[in-house]
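Asker: My structure is below; once you've seen it, I'll send some questions.
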Amino acid sequence: MTPRLDTPRLILRPHTTGDFPALAALWADPEVTRHIGGRPFTAEESWSRLLRYAGLWPLLGFGYWAVEDRATGAYLGDVGFADFHRALDPPVEGLPEIGWVLAPAAHGRGVATEAAGAALHWLRRDCFCIIAPANAGSLRVAAKLGFNPRGPARYGATPMLVLDRPYAPRG
C-alpha cells in the first residue's frame, strides 16, 4: 500500500522490520533528537515508532517512508506525513503534517529537501509542519520547499513554529 518513490539519489520505500536497528540508532542519537523531544529515544520507543509508521498508511492513506541512499542502500532516515492529533495551541486541523529526520551523515547534503520534495509531489495537497525555533537546518529545508510561517505555537510546554504550504500544481 505504501508507494515507492524514486529520486536521483534516493529511494523512499515502506519501512520493514529489517530497518529497526538503523532506525533505533537514528532515534537514539542525541544530535538527531535535540530538536525533537530533546532526548534520545529508547529502543522500545523506536520500535513503537516503526509500528506507527506502518499503521499510518492503511488508516490515513499517507504515512512515512524509509529514506534509502540509492547508491549504497544505506538507511538515511524517515520522511512523510501523519495526523498525530497533536495538542498544538493554536490547533492545526484537517491538514497532513510533514516531517523529516535524517542521520547526521546525511545532513547538509540536500537529502532532506530531495526526500521531502518527492513526498510533497506525491501528496498533492496542502500540508503543514512544526519546527523548533532553534532548528535552523529544518527551517532552511522548509523554506526551500515553499513553506510559509503561519506563526508561533506551543506543543505542550514547548514553543514551536508552525509553517504551512499550499498545494500548487506544477504546469
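Asker: Please find, among 21, 40, 30, the residue that is of a type outside the set (S, T, N, Q) and over 30 Å from residue 157 (Cα atoms). Before you say what the answer is, go through the steps one by one.
Answerer: Numbers: 40 fails: over 30 Å from residue 157 (Cα atoms); 30 fails: over 30 Å from residue 157 (Cα atoms).
Sole residue among the options that is of a type outside the set (S, T, N, Q) and over 30 Å from residue 157 (Cα atoms): 21.
Asker: With the requirement that a residue be touching a residue at least 40 places away in the same chain (Cβ under 8 Å) and open to solvent by 70 Å² or more (accessible area, probe 1.4 Å), what does region 17-40 give you?
Answerer: Passing the criteria: only 31.
Asker: While we're here: Could you list, in sequence order, all residues of region 75-111 that are among the basic types (Lys, Arg) and out of contact with any strand residue (DSSP E or B) (no Cβ under 8 Å at 6 or more places or on another chain)?
Answerer: The answer is 109, and nothing else.
Asker: Evaluate the following for residue 76: is it in a helix (DSSP H, G or I), open to solvent by less than 30 Å² (accessible area, probe 1.4 Å), of a type outside the set (Val, Ile, Thr) and at pLDDT 95 or above?
Answerer: Values: in a helix (DSSP H, G or I): no; open to solvent by less than 30 Å² (accessible area, probe 1.4 Å): yes; of a type outside the set (Val, Ile, Thr): yes; at pLDDT 95 or above: yes.
No.
Asker: Here is a further query. Please list, ordered by residue number, the strands (runs of 3 or more DSSP E) wholly in region 119-171 having 2 or more residues that are surrounded by 11 or more Cβ atoms within 10 Å (Cβ to Cβ) and more than 14 Å from the chain's Cα centre (by Cα).
Answerer: The qualifying strands (runs of 3 or more DSSP E) are 148-155, 158-165.
Asker: Can you go through 19, 29, 69, 83 and tell me which one is within 25 Å of residue 164 (Cα to Cα) and at pLDDT 95 or above?
Answerer: Criteria check complete, one pass: 83.
Asker: Something else about it: Six or more apart or on different chains, Cβ atoms under 6 Å: show the pairs whose first residue is in region 130-156 and under 19 Å from residue 111 (Cα atoms) and whose second is modelled with pLDDT under 95 and open to solvent by 20 Å² or more (accessible area, probe 1.4 Å).
Answerer: The qualifying pairs are 135/35.
Asker: A further question on this structure: Within region 91-133, can you find the residues that are closer than 23 Å to residue 34 by Cβ and touching a helix residue (DSSP H, G or I) at 6+ places or on another chain (Cβ under 7 Å)?
Answerer: Result: 98, 100, 101, 102, 103, 104, 107, 112, 113, 116, 129, 131.
Asker: Moving to a separate point now. Is it true that residue 56 is more than 19 Å from residue 117 (Cβ to Cβ), modelled with pLDDT of 95 or more and more than 15 Å from the chain's Cα centre (by Cα)? Even if it seems obvious, please write down each step before you answer.
Answerer: Details: more than 19 Å from residue 117 (Cβ to Cβ): yes; modelled with pLDDT of 95 or more: yes; more than 15 Å from the chain's Cα centre (by Cα): no.
No, not satisfied.
The values are calculated or read from the model by the stated rules, or taken from the named source; none is laboratory data. Not measured: the values here are computed from a predicted model. Cβ: placed from backbone, ideal geometry, glycine included. Neighbour counts: every protein chain shown. SASA here: full protein model, heavy atoms, side chains in, ligands and nucleic acids out. Shrake-Rupley method; radii C 1.70, N 1.55, O 1.52, S 1.80 Å.
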